[in-house]
Amino acid sequence: MDPHSLVEFTLGNVLLLNFIQRKVKRKVYNYIGTFLKKLSRIGSNRFYSHSNIPKMPESADLRLNDQSYPLPILTGTEKEHAIDISQLRKLSKFITFDDGYGNTGSCESSITFIDGDKGILRYRGYDISELAEKSNFLETCYLLIYGDLPTPERLQEFNNKIAASAELTQEVVETLRSLPKTTHPMAALACGIQSLGGAYPTLASNNRSSDLEKFDDAACLIISSIRSIAAAQHRFSMGMNHSTKDSTGNYCEDFLSFMFSGDGNDEIPEAVSKALDVIFLLHADHEQNCSTSTCRMIASGGANPFASVAGAISALWGPLHGGANMAVINMLNEIHKSGDDGSKFIESAKAGKSRLMGFGHRVYRNYDPRAKILKSACDQALEALGVESPILEIARNLESSALQDEYFIQRKLYPNVDFYSGIILQAMGFPTNMFTVLFAIGRAPGWLAHWKEIAASGSRIHRPRQIYQGSNLRSYTALEER
Ligand code: CMC
């Protein structure tokens with residue numbers, strides 16, 4: 001045998017051997033895994049008394065090249081566990097890789113708790129359904145930002161401050177008026193918040209301790225003005241004037257009046273402003289989602305609350321994040337136009353030809369608790385408005401068919417917060433391209449609470465690492481030689 005074929009033969013055999021080894025290994029691992037599972041089932045039923053159930057270890061061992069690295073285990077107040085790898089690179093030169101952060105805890109936070117498997121959402125320990133029933137948006141803003149429910153005096157003070165901050169300075173108004181007429185409302189919102197920071201430079205100094213000291217003023221200003229900016233941009237885009245003069249001090253009533261006063265919609269039924277209040281409250285925080293993580297990332301570099309919130313607004317804009325409520329309405333309108341009652345659409349979603357928008361969630365693998373609350377708010381608001389919505393009937397058909405269908409049951413796909421919110425917002429008269437703006441108004445207190453958590457904890461700058469997969473070192477080729 002010539003040396004070349006010998007090498008090929010040996011390489012072939014080694015590869016074959018490797019393949020067989022991997023197969024055998026996998027079979028053995030599967031067998032051991034099944035055996036251990038069975039044993040633990042038997043154990044938990046029969047042999048283990050409470051005292052000898054294995055406790056959560058204090059550290060996890062990682063073995064790399066025969067070297068062992070003990071990694072501390074972090075346990076949250078709701079008994080969630082995480083392996084703390086913050087010292088791993090220093091000790092081993094290895095980093096961890098988690099594309100899209102699906103399995104990475106980026107911080108410790110005391111603001112919001114979600115258990116997606118059980119359908120639990122709590123702000124500062126309070127269940128979302130209890131808050132939706134008994135609290136309101138502004139009180140919830142206070143709770144998220146300061147950590148506890150306010151006393152009556154503190155709440156009054158907070159509400160007064162918010163009501164007093166509704167009027168935009170002339171410069172901010174002019175900034176909004178000067179934007180191209182084709183500017184998307186989300187771009188205008190981010191721009192308006194940055195310009196608001198510009199109008200109050202002492203609240204937006206990028207000096208962390210100074211911004212923290214004046215944070216209460218900045219937070220009230222942002223929570224109040226974000227709705228004035230949204231309303232002003234809408235009216236300017238319609239060629240109308242904007243005013244915040246006739247405010248009553250009720251956050252949602254005032255917002256609806258800033259938006260629609262003078263166009264025949266001056267009477268606002270209580271059920272309608274209440275439904276808007278519930279929508280804002282349900283969106284107020286959702287822990288480390290794309291926009292909130294963006295806000296925390298910007299804040300970690302020492303940027304002020306206005307810049308951090310403006311960045312979060314841009315992150316929210318995307319259709320996979322805050323833009324889904326719009327997609328639901330577009331889907332329902334399409335179904336309505338085609339004369340379908342929803343049943344054909346369900347079949348096409350199951351065949352992978354379309355996606356049932358407003359269904360499914362990365363975190364909730366049970367009913368999204370916010371969707372349940374919105375469903376009844378939707379019924380009440382439509383009744384108060386006297387609106388017969390043909391798309392509501394389609395939405396109900398889609399929901400009841402999907403909830404009985406094996407495809408959706410098996411994949412744990414339930415309605416999410418966006419399924420009903422768009423129907424309410426449309427009935428209230430909001431243009432579809434403003435739906436994500438309404439999400440942003442609701443989410444502002446959450447972003448601010450996270451800004452404060454970062455600034456007050458003295459957190460160091462967030463700076464993930466990467467695995468470089470590009471070209472190795474190469475030399476520069478002169479332009480004329482390329
Ligand atoms: N309609 C039909 N099938 C679906 C849907 C849906 N809405 N969502 C997921 N699936 C199927 C998907 O095709 C896949 O099937 P298979 O296993 O046969 O390949 C399986 O369910 C798992 O889907 P996935 O895409 O891996 O799930 P994900 O966790 O990556 O995606 C999601 C979550 C929210 C992006 C997705 O469910 C979706 O696109 N939903 C519609 C858009 C939507 O309503 N988004 C708003 C989310 S709530 C707002 C927020 O909190 O920011």
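The values are calculated or read from the model by the stated rules, or taken from the named source; none is laboratory data. Everything numeric here is computed off the predicted structure, so don't read it as measured data. Cβ atoms come from the backbone with ideal geometry, glycine included; neighbour counts cover every protein chain shown.
Can you tell me which residue among 435, 439, 430 is within 19 Å of the chain's Cα centre (by Cα) and farther than 30 Å from residue 98 by Cα? Walk me through it before giving the result.
Values: 439 fails: farther than 30 Å from residue 98 by Cα; 430 fails: within 19 Å of the chain's Cα centre (by Cα).
The unique qualifying residue is 435.
Quick grid of which residues meet (1) surrounded by fewer than 24 Cβ atoms within 10 Å (Cβ to Cβ); (2) acidic (Asp, Glu); (3) modelled with pLDDT of 90 or more:
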residue	(1), (2), (3)
406	yes, yes, yes
421	no, no, no
461	yes, no, yes
464	yes, no, yes
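Is at least one residue of the range 256-277 within 16 Å of the ligand (Cβ to nearest atom) and not in a helix (DSSP H, G or I)?
Residues of the range 256-277 that are within 16 Å of the ligand (Cβ to nearest atom), as a first pass: none.
No, the range 256-277 contains no residue that is within 16 Å of the ligand (Cβ to nearest atom) and not in a helix (DSSP H, G or I).
Hey, among the residues in the range 320-371 that are within 8 Å of the ligand (Cβ to nearest atom) and in contact with a Leu (Cβ under 6 Å, 6 or more places away or on another chain), which one's nearest to residue 427 (Cα to Cα)?
So, considering only residues that are within 8 Å of the ligand (Cβ to nearest atom) and in contact with a Leu (Cβ under 6 Å, 6 or more places away or on another chain), the one nearest to residue 427 (Cα to Cα) is 322.
Kindly establish whether residue 302 is away from the ligand (no atom under 15 Å from the Cβ), in the same structural domain as residue 383 (by TED's automatic domain parsing) and buried (at least 20 other Cβ atoms within 10 Å of the Cβ). Give the derivation first.
Values: away from the ligand (no atom under 15 Å from the Cβ): yes; in the same structural domain as residue 383 (by TED's automatic domain parsing): yes; buried (at least 20 other Cβ atoms within 10 Å of the Cβ): no.
Against the criterion (away from the ligand (no atom under 15 Å from the Cβ), in the same structural domain as residue 383 (by TED's automatic domain parsing) and buried (at least 20 other Cβ atoms within 10 Å of the Cβ)), residue 302 does not qualify.
Each row is one residue, and each column tells you yes or no for (1) within 16 Å of the ligand (Cβ to nearest atom); (2) under 25 Å from the mean Cα position of the chain (by Cα).
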position	(1), (2)
393	no, no
398	yes, yes
403	yes, yes
459	no, yes
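For the range 145-163, enumerate the residues that are surrounded by fewer than 15 Cβ atoms within 10 Å (Cβ to Cβ) and touching a helix residue (DSSP H, G or I) at 6+ places or on another chain (Cβ under 8 Å).
Listed by number, the list holds a single entry, 154.
Name the one entry in 287, 253 that is modelled with pLDDT of 90 or more, part of a helix (DSSP H, G or I) and not aliphatic (A, V, I, L, M). Give the steps one after another, and end with the answer.
Numbers: 287 fails: part of a helix (DSSP H, G or I).
Result of the check over 287, 253: 253.
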